[in-house]
Amino acid sequence: MYKQSVQLIVDKCIGCTNCIKRCPTEAIRVQNGKAQIISDRCLDCGECIRVCQSNAKIAISDPLSVIDDYDYKIAIPAPSLYGIADSHISTDRILTGLKYLGFDDVFEVASAAEIITKRTNEFLSRNEGRGPFISSSCPAVVRLVQVRFPSLIDHIIPFISPMELAAQIARNRAGSDKGKVGVFFISPCAAKYSEIRDPHRKEKSAVDAVIGIKDIQVSLQRLIASDMETEKLAMASGAGIGWGRIDGEARALATEGVISVDGISNVIALLEELENGKIDQFRFIELMACPGGCVGGPMTLVNPYVAKSIILERWDRKEGVVCEECGPMKDIRWTEELTSCNFMKLDDDYEKAMMMLQRLELIEKNLPGIDCGSCGAPTCHAFAEDIVRGRNEITSCIFVLRKKIRQLTDEMIKLEDALPYRLDKNE
C-alpha cells in the first residue's frame, strides 16, 4: 500500500468537510466526525493541509537525527531552500550552514537540475513535432497523471527527478572509503517522502531520508547569521536555482513553446484540456502542484511569494561550476516504465465491476445530486461509490434519510387510521 506523507491529527479534526471538497482525487472521507485519508488515492499534494482550519493535517518527514545512523552524511538541498535567506546572503553561506548542522558534504539538487535541463532540450529536439511533453520533476503531478489521467502517461518526459540524480552523483562523489554513506534530501515537498518509499518502484532510491526544510530552517538561519566561516561549496548557476519556483524549469530551457502552471486545481484544469485535445500548441509543459512551485511546498515556512521573489533575484548568478563527477552525462531515463495507478476501478473482475457500476448508477440516480458533503463524501457520485464498495450506508445521506422518515411517518398515520373503531385511538 502507498504510504503517504500527509497524516491526520485525529484530536484536532472537527469533521468540517473542508478537505474533502478540495482533494483532487477524492481521497478523503469524513466518518464518525473525523477525516480519513484513502492512502492509495493520496497524491501528497498538500492541498488538504492548506485548507484545514484546524491544522489537523501535517506532512511527516524524517527527523534530522536520522543522519546519526551513518558514517558519512551528505545533504542534497532542494533549490527552494535558497528562499529562506535574503538574496544578498550567498548560497555558499547557506550550504555551509548545512555542514554546521552535522553534514559532512553537500551537493546541490540545482546542479542536477541543470543537467536535466540540458537533457530535456535534447529530448525535445529529438521528438520535434510530437508532444506536448510534461515535466516529470513534480512527484505529485506524476502521481496525479497515474491516478487520474493515465491516458497522458506517454506525455511525461521519462527522466528521473533532479533529487534522484543529485543523490546518485553525491553518492558517487563520496567514493567507497567513507563507511556507511547516507544521502539526505532537504525538502519542501511532502511527496518526496513518499516517492523514495514507493512500494511500486523496483529500484531502490539513492536517497536515504527526506528532511523537511521547516524542521531545520530556524537552526539554519541562526547559523547563517552567526560568525561561522563560509566555505566555497556552491556549484549551481541561477538557472538551476530557478527550479525552486514556478517557471524556473521552463525558463531554463530557453526555448519557445513552453507553458508553466502551478496550483493543483490549475494543473488539473490544464490536464483535462490536454486530455481532450484542446492543447497542442506547446512543446513543453511545466506543472507544479504547489502554489508558486516548490517554494510553496507544505514543508516550508517562508511565504511562498517572498521565497519566489528571492529565488528570482538569485537567477542572475552566472558563475555555475561544471561538476566533474557529472560527466560524461549519465543516462537519466527511468529504469522502469511508468504505469497507471487506477485505484478508481471498482473490482479486478470485469463482470463484477460492471455489476457494481450498474448499482452505483442506480444509487446515484436517487441521490439529490447537490454534492453537499454532509454524508462525508465529496460528491454524490463518490458517496454512491462508497456504498457499492461497502464503506457507507445509504441512510448517511440526510436527504434520503428525511425521505424515508416521511414515508415511515405517513405509513404510521395510515396504520393508525386503520385501527378497529372499537379501540380508543388515544390509548
- Item | Qualifying residue in the range 20-36 (condition: in a strand (DSSP E or B), in contact with a strand residue (DSSP E or B) (Cβ under 9 Å, 6 or more places away or on another chain) and assigned by the TED database to the domain that holds R143) | no
- Item | Residues that are in a helix (DSSP H, G or I) and surrounded by 11 or more Cβ atoms within 10 Å (Cβ to Cβ), drawn from the range 346-357 | K352, A353, M354, M355, M356, L357
- Item | Single unsatisfied condition, G373 versus (1) under 23 Å from P24 (Cβ atoms); (2) at pLDDT 95 or above; (3) not assigned by the TED database to the domain that holds D198 | (2)
- Query: Taking the condition in a helix (DSSP H, G or I) and modelled with pLDDT of 95 or more, does E286 pass?
  - Reply: no
- Query: Before we move on, is D40 within 30 Å of A377 (Cβ to Cβ), in contact (Cβ under 8 Å) with a residue 40 or more places away in the chain, among the charged types (D, E, K, R) and not in a loop (DSSP other than H, G, I, E, B)?
  - Reply: yes
- Return only the number of the condition from (1) at pLDDT below 95; (2) of a type in the set (A, V, I, L, M, F, W, C); (3) in a loop (DSSP other than H, G, I, E, B) that M412 does not satisfy. (3)
- Message: Condition check: of a type in the set (F, W, Y), closer than 23 Å to R148 by Cα, under 31 Å from the mean Cα position of the chain (by Cα) and not in a helix (DSSP H, G or I). Does F383 satisfy that?
- Response: no
- Note on the structure: Of the residues in the range 358-380, those that are outside any loop (DSSP other than H, G, I, E, B) and either open to solvent by 20 Å² or more (accessible area, probe 1.4 Å) or within 19 Å of I37 (Cα to Cα) (or both) come to Q358, R359, E361, L362, I363, E364, K365, C380
- Query: Does S205 satisfy the condition of being closer than 30 Å to R283 by Cβ, hydroxyl-bearing (S, T, Y) and touching a Pro at 6+ places or on another chain (Cβ under 8 Å)?
  - Reply: no
- Message: Tally up the residues in the range 154-184 that are open to solvent by 20 Å² or more (accessible area, probe 1.4 Å), out of contact with any Asp or Glu (no Cβ under 7 Å at 6 or more places or on another chain) and assigned to a helix (DSSP H, G or I), please.
- Response: 4
- Name the residue, out of K99, K73, that is in a helix (DSSP H, G or I), among the basic types (K, R) and modelled with pLDDT of 95 or more. K99
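Residues checked against (1) under 26 Å from C290 (Cβ atoms); (2) part of a loop (DSSP other than H, G, I, E, B):
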{"site": "Q217", "(1), (2)": "yes, no"}
{"site": "M228", "(1), (2)": "no, yes"}
{"site": "M235", "(1), (2)": "yes, yes"}
{"site": "A250", "(1), (2)": "yes, no"}
- Message: Checking the conditions here, which among I49, I89 is in contact (Cβ under 8 Å) with a residue 60 or more places away in the chain, open to solvent by 20 Å² or more (accessible area, probe 1.4 Å) and in a loop (DSSP other than H, G, I, E, B)?
- Response: I89
- Looking at the range 102-118, is at least one residue in the same structural domain as E231 (by the TED database), modelled with pLDDT under 95 and surrounded by fewer than 18 Cβ atoms within 10 Å (Cβ to Cβ)? yes
- Note on the structure: Contact list, first residue from the range 7-31 and more than 30 Å from S340 (Cβ to Cβ), second anywhere and open to solvent by less than 50 Å² (accessible area, probe 1.4 Å) and not aliphatic (A, V, I, L, M), beta-carbon distance below 6 Å, six or more apart or interchain, is K12/S54; I14/S54; G15/G33
- Note on the structure: Within the range 237-248, the count of residues that are part of a loop (DSSP other than H, G, I, E, B) and among the aliphatic types (A, V, I, L, M) comes to 1
- Query: Looking at (1) aliphatic (A, V, I, L, M); (2) assigned to a helix (DSSP H, G or I); (3) surrounded by fewer than 20 Cβ atoms within 10 Å (Cβ to Cβ), which is the one condition that is false for I279?
  - Reply: (2)
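The values are calculated or read from the model by the stated rules, or taken from the named source; none is laboratory data. Model, not experiment: these values are computed from the prediction. For neighbour counting, all protein chains shown are included, and Cβ atoms are generated from backbone atoms with ideal geometry for every residue, glycine included. Please note that ligands, DNA and RNA were not included when accessible areas were found on the heavy atoms of the full protein model with its side chains. Shrake-Rupley method; radii C 1.70, N 1.55, O 1.52, S 1.80 Å.
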